Amino acid sequence: TQTEPLLDRPPTPLFIPSKTGVDKETEIPAGDLFDFDVEVKQILEVVVGKTLRISMLEVMEEAELEAIQRRQYEFEQMRNAELIEVQRLDAEASRRFAEKQRRVTQETKRLGQQAEFQQKIAARAFAKHYLANISEDVFDQLEQSGHFFDPIEKEIKDAFIPWLFDSVVEATSIHLNSRSCADALISEAIDLAAKMQSQVLDKIKAKTDRPLGAATYDGSELAREQG
């Protein structure tokens, strides 16, 4: 780019010592030293030329700056358009990625739900097969352990049957005791009858061995005894 050239540093002023002594002056007539119009013309040419040159440089600089600004504006427009396009592409890529992730998540969730549903079906079938007879087994075990019982059956087992066994045992004992007593009485009666029969036979035998009168007496006595 065209820029304004740096101006030269002005020369350092010469050191002028302070005045010493007394100043003097003299009179110089007009036109004695120099001609103002002639001398100033060169200075004016330099000043005007320098001014024109600087003005041209400033105009060129302004035109260059305007071209730079116009180019910068066009570049910014192109950059903004490219940035908008990049943002659109990024948004589209983000949207596609989000859509892909959503589809993947949805498919994963569907597969998980399907697997869970299959597990529930298998678990339900297994539980149904396993629990088909478990209730009856549990109730049977609980009934066997005494948690569930029929009060009438329990009362029969706990009260009636023991009382019946005790009554049967008692009745059997009484019957056996009665039978033993009866057997003892019968045995004693048989022994007593045999003994009496033996005594009677002995008496009859003894009387048959006596004389006739004695036998007659003994017969009447025997008849009395028998009577």
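The values are calculated or read from the model by the stated rules, or taken from the named source; none is laboratory data. This structure is a prediction, so every number in the text was calculated from the model and none was measured. Neighbour counts run over all protein chains shown; Cβ positions are idealised from the backbone, glycine included. To get the accessible areas, we keep the full protein, side chains included, count just its heavy atoms, and leave off ligands, DNA and RNA. Shrake-Rupley method; radii C 1.70, N 1.55, O 1.52, S 1.80 Å.
Can you find a residue in segment 66-74 that is modelled with pLDDT of 90 or more and under 60 Å from the mean Cα position of the chain (by Cα)?
Step one: of segment 66-74, the residues modelled with pLDDT of 90 or more are 66-74.
Imposing the further condition that a residue be under 60 Å from the mean Cα position of the chain (by Cα) reduces the set to none.
Looking for residues that are modelled with pLDDT of 90 or more and under 60 Å from the mean Cα position of the chain (by Cα), one finds none in segment 66-74, hence no.
Just to be sure, is Gln113 under 60 Å from the mean Cα position of the chain (by Cα) and open to solvent by 90 Å² or more (accessible area, probe 1.4 Å)?
yes
Got a number for residues in segment 29-77 being in contact (Cβ under 8 Å) with a residue 24 or more places away in the chain and of a type in the set (Asp, Glu)?
Residues that pass the stated criteria total 3.
Part of a helix (DSSP H, G or I) and either open to solvent by less than 80 Å² (accessible area, probe 1.4 Å) or under 30 Å from Asp8 (Cα atoms) (or both): which single residue out of Asp37, Asp90 fits that description?
On the way: Asp90 fails: either open to solvent by less than 80 Å² (accessible area, probe 1.4 Å) or under 30 Å from Asp8 (Cα atoms) (or both).
Answer to the check: Asp37.
Would you call Ser135 loosely packed, with under 10 Cβ neighbours inside 10 Å, out of contact with any strand residue (DSSP E or B) (no Cβ under 6 Å at 6 or more places or on another chain) and of a type in the set (S, T, N, Q)? Don't jump to the end; show me each part of the working.
Working: loosely packed, with under 10 Cβ neighbours inside 10 Å: yes; out of contact with any strand residue (DSSP E or B) (no Cβ under 6 Å at 6 or more places or on another chain): yes; of a type in the set (S, T, N, Q): yes.
So Ser135 fits the description; yes.
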